[in-house]
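J.: Mind having a look at this structure? Questions to follow.
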Amino acid sequence: MRDGGFEALDEVLDEMMQSEAFLARVEEIYSDYFLTDRYLSNGNGTPAIDLLDPEDYPNAYWFEDLPEGEYETALRFANDAVAREALKLVSYVVRNERPFSEILTADYMVVNPYSAKVYGVNASFQDENDPNEWVEARLPGIPHAGVLSSHMMMNRFPTTATNRNRHRSRKVFEFFLATDVQRLGDRPIDPTNIADFNPTMNNPNCTLCHAIIDPVAGTFQNWDEQGRFRPPEGGWYTDMRPPGFDDETLPAEQFTAGLPWLAGRIVEDPRFAASVVHIMFKGLSGQDPLREPTDTAAEDYLAKVRAFEVQSEIFGEIAQAFRDSDYDLRTVIKAIVKTPYYRAANAESLDEVRSLELAEVGTGRLLTPEQLHRKIEAVTGYPWRRNADGDDYLLDLDWFRIFYGGIDSDTVTTRITEPNGIMANVAARMANEMSCWTTARDFVLPPAERRMFPFVERSFEPEDDNGFEVPAAAQAIRTNIQYLHQRLLGEYLDLNDPEINRTYEVFLSVWKDGRKGVADGTYDAFLPFQCRAVEDFWTGQEFPDAEKIERDDRYTVRAWMAVVTYLMMDYRFLHE
């Protein structure tokens, strides 16, 4: 792309959006809204399968008679497939290049080989043991409506006899219609003024919101508190507005299929496209879309109004392009990436008003634990975990996922976006451990296969024993530092750039001190045990003695470890 310029961006993005990492990121973005990971096997909530009614799914625990090891694997795969069914439908639609509106209008659900047995549906798979293979399936008697009819979504956003699906309705507006219903009534209400009979129907303080959410709540009438399809025998409540959407009432013949009817109305509404733009913008930039300012007396009111109007116009154009593309999600992502909100940089000489107008433009965002986890493995070739079968420190709730600003989709549902002291310490530990665990391992590989040190060998020292520079070695070290800046930080710098010089000084100072310390016995020539390369990380197979790296007499390995630590603690590695 650097050679092709801005015109080549589409091609690069198109290629990137065919990857599994892209689909995983789409799932993560919507997971922050759906919060159904609460029901994963390693989550804090009730396991998903335990929420299924045995009357509806008598085969839910089909794996109970398997041998112990197989039982545990099947339980985890089956439970997590049920928990993430709504999210997998989202990625399934994108993977198969269907209109993104199908996340609501799909007359099917998706299952893998394990959840298909839970639901008792017949489905054909290429590999009956592959938990990552997803196919379409239909439950008998269930009027599917994409994620709206998802059993786990119903449980995650439950209802009660008094709530009457209003919670579910509010979430429909929030997720799929870019509307925060509660803000429509964002004014103090004096409860002493609510003396009407049935105030949700008759009191102006209440009807502003209830006139909007109650009809949609009625379209959920066939789904009970536990998310089971149980059409009410007596019909819907007569002391509420009739089921419907906007000014349209749900036809009587559609009462058993209220959600498919609702899904069709939602995707025809322009706000559906806007909701997708807003969600993807938040997922890509880490920022909420701007809200129209309401305090006309504020000094920055006009600047905020201009910022809001400009963003609204841009988002409106993206939403229209989304509709014109037959709801191709990739159209939205490419358009957002091309906007100044994602790409702007280096604005200078801004006055106070202009700074307020551009406050949300081109800002970086802290990587989520999931993103940082993938980035670490992508650049180093190894995940941040002790061994191949260990816990991923940034993904595991018992390690650093919450400490590093993540969520558990249960009690912690809002991500921390501004680093704090604990997060800084987690990042420092990550940088130290990853540099220790990966540097020697990388040097074991042939240069063409190395992720981090393709231009140097451990024998390359910048100065000779008399303190004179060794030009060829110093040049190679600088070239590798230049490569690391590009690989870890995304920077394309000249060899004489001040940033390259600073990193070179890190290498040089650590090497000099270490070389002297090894020579006089202050430092041990052996690497710390964890930093040695004696066996393959993934297989545990021991390297031949000639290939093992256990000693560091020249102190070059530890000097490179210092460089990697320095770069992995950099703002540009931890943010995007």
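J.: Around PHE573, what is the net charge, scoring Lys/Arg as +1 and Asp/Glu as -1 over all other residues with Cβ under 12 Å from its Cβ?
T.: Its environment carries a net charge of 0.
J.: Now for a separate question. Between the DSSP loop rule and a limit of at most 13 other Cβ atoms within 10 Å, which GluC sites (Glu not before Pro) in region 456-517 are left?
T.: Counting only loop positions with at most 13 other Cβ atoms within 10 Å, the GluC sites (Glu not before Pro) in region 456-517 are GLU457.
J.: Quick check on the exposure proxy: order ARG84, ARG230 from fewest to most C-beta atoms within 10 angstrom.
T.: Result, fewest neighbours first: ARG230, ARG84.
J.: Residue by residue through region 555-563, which ³J(HN,Hα) values in whole Hz follow from phi under the Karplus form 6.51 cos²θ - 1.76 cosθ + 1.60 (θ = phi - 60°), with glycine and proline marked x?
T.: Computed from phi, the couplings for region 555-563 are 6, 6, 4, 6, 5, 5, 4, 5, 5 Hz.
J.: Averaging sequence separations of C-alpha pairs under 8 Å and six or more residues apart, then dividing by the length of region 481-576, give the relative contact order as a whole percent.
T.: Once divided by the residue count of region 481-576, the mean separation gives 32 percent.
J.: Still on this structure, I have one more. If each residue's Cβ is checked for other Cβ atoms within 10 Å, how do VAL310, VAL118 rank with the fewest at the top?
T.: Neighbour counts put them in this order, fewest first: VAL310, VAL118.
J.: Measuring from a point 7 Å past the Cα of ALA24 along Cα-to-C-beta, which residues in region 135-177 have an amide N at less than 18 Å?
T.: The answer is none.
J.: Starting from the Cα of PHE403, step 7 Å along the direction of its Cβ; do the same at ALA298; then give the gap between the two resulting points in nm.
T.: Output for this residue pair reads 3.6 nm.
J.: Amide H of ASP300 versus every other amide H placed in the peptide plane: which residues, excluding those fewer than 5 positions away on the same chain, fall under 5 Å?
T.: Sorted by chain and number, the residues that satisfy this come to none at all.
J.: What distance in nm separates the simple spin-label points at ASN466 and ASP14, each placed 7 Å from Cα in the Cβ direction?
T.: For ASN466 paired with ASP14, the spin-label model returns 6.0 nm.
J.: First measure r as the distance between the Cβ atoms of LYS338 and ALA388, then evaluate 1/(1 + (r/R0)^6) with R0 = 25 Å and state the FRET efficiency to the nearest 0.05.
T.: Approximately 0.05, to the nearest 0.05.
J.: Within 12 Å, Cβ to Cβ, of ALA137, how many net charges do the neighbouring residues add up to if Lys/Arg are +1 and Asp/Glu are -1?
T.: Residues near ALA137 contribute 0 overall.
J.: Whole-Hz ³J(HN,Hα) for each residue in region 254-269, computed from phi via Karplus 6.51 cos²θ - 1.76 cosθ + 1.60 with θ = phi - 60°, x for glycine and proline: what do you get?
T.: Each residue of region 254-269 in turn: 9, 4, 7, 10, x, 6, x, 4, 4, 4, x, 6, 5, 5, 7, 7 Hz.
J.: Sticking with this one: Below 8 Å, C-alpha to C-alpha, sequence gap of six or more: please give me the relative contact order for region 1-108 in percent.
T.: Over region 1-108, the number comes to 27 percent.
J.: For region 233-261 and region 124-156, compute the distance between their C-alpha centroids and round to whole Å.
T.: Here the two parts' Cα centres lie 25 Å apart.
J.: Continuing with the same structure: May I ask you to order 101-114, 121-134 by the average number of other C-beta atoms within 10 Å around their residues, highest value first?
T.: The densest-packed peptide leads the list: 101-114, 121-134.
J.: Quick check for me: using +1 on Lys/Arg Cβ and -1 on Asp/Glu Cβ, what's the dipole size of region 369-574 about its Cα centre, in debye to the nearest 20?
T.: It works out to roughly 280 debye.
J.: To the nearest 10 degrees, how steep is helix 301-324 against the longest Cα principal axis of the chain, on a 0 to 90 scale?
T.: 80
J.: Would you pull out the residues with amide H under 5 Å of GLU535's amide H, same chain only if 5 or more places away, H placed 1.01 Å from N?
T.: PHE543
J.: Can you give me the long-range amide H partners of THR249? Hydrogens built in the peptide plane at 1.01 Å from N, cutoff under 5 Å, separation of 5 or more residues or another chain.
T.: Correct list: empty.
J.: Residue-wise, which Karplus ³J(HN,Hα) couplings in Hz belong to region 279-289, taking 6.51 cos²θ - 1.76 cosθ + 1.60, θ = phi - 60°, and x for glycine or proline?
T.: Karplus-based 3J(HN,Hα) across region 279-289 equals 5, 5, 4, 5, x, 7, 9, x, 10, 6, x Hz.
J.: Taking 51 Å as R0, compute the FRET efficiency from the Cβ-Cβ separation of THR479 and THR238 and round it to 0.05.
T.: 0.05
J.: Still on this structure, please answer the following. Between (1) 234; (2) 169; (3) 200, which matches volume of the Cα convex hull per residue in Å³ calculated for the structure shown?
T.: Label (3) holds the value from this structure.
J.: Right, here's the next one. In degrees, nearest 10, range 0 to 90: what is the angle between the Cα axis of helix 421-444 and the longest Cα principal axis of the chain?
T.: Approximately 50 degrees, to the nearest ten.
J.: Any idea what angle helix 166-176 forms with the longest principal axis of the chain, computed on alpha-carbon atoms, 0 to 90 degrees, nearest 10?
T.: Compared with the principal axis, the helix lies near 50 degrees.
J.: When the helices in the chain are scored as -39500 (n - 2.57) per DSSP H run of 4 or longer and the sum is shared across all residues, what 222 nm value do you end up with, to the nearest 500 deg cm²/dmol?
T.: -14500 deg cm²/dmol
J.: Using 0.36 nm times the number of residues separating ILE422 and LYS512, minus their current alpha carbon distance, what extension gain do you get?
T.: Fully extending the segment from ILE422 to LYS512 adds 29.2 nm.
J.: Here's something else I'd like to know. How about LYS338: which lysines have a C-alpha closer than 19 Å to its C-alpha, ignoring those fewer than 8 places off in the same chain?
T.: Of all the lysines, those that pass the test against LYS338 - Cα under 19 Å, at least 8 places apart if same chain - are LYS282.
J.: With the dipole of the chain worked out from charges on the C-beta (+1 for Lys and Arg, -1 for Asp and Glu) around the Cα centre, which of VAL510, PRO251, ALA21 lies farthest toward the positive end?
T.: PRO251
J.: Could you name the aspartates and glutamates in cross-link range of LYS88, using Cα to Cα under 16 Å and dropping any fewer than eight places away on the same chain?
T.: Answer for LYS88, where 16 Å is the Cα cut-off: GLU20, GLU27, GLU28, ASP32, ASP37, ASP80, GLU97, GLU102, ASP107, ASP130, GLU133, GLU136, listed by chain and number.
A short reminder: the numbers here are calculations on the coordinates, not readings from a lab. Computed from a predicted model, the values in this text were never measured in an experiment. Heads up, the Cβs are rebuilt from the backbone with ideal geometry, glycines too, and the neighbour counts pull from every protein chain shown.
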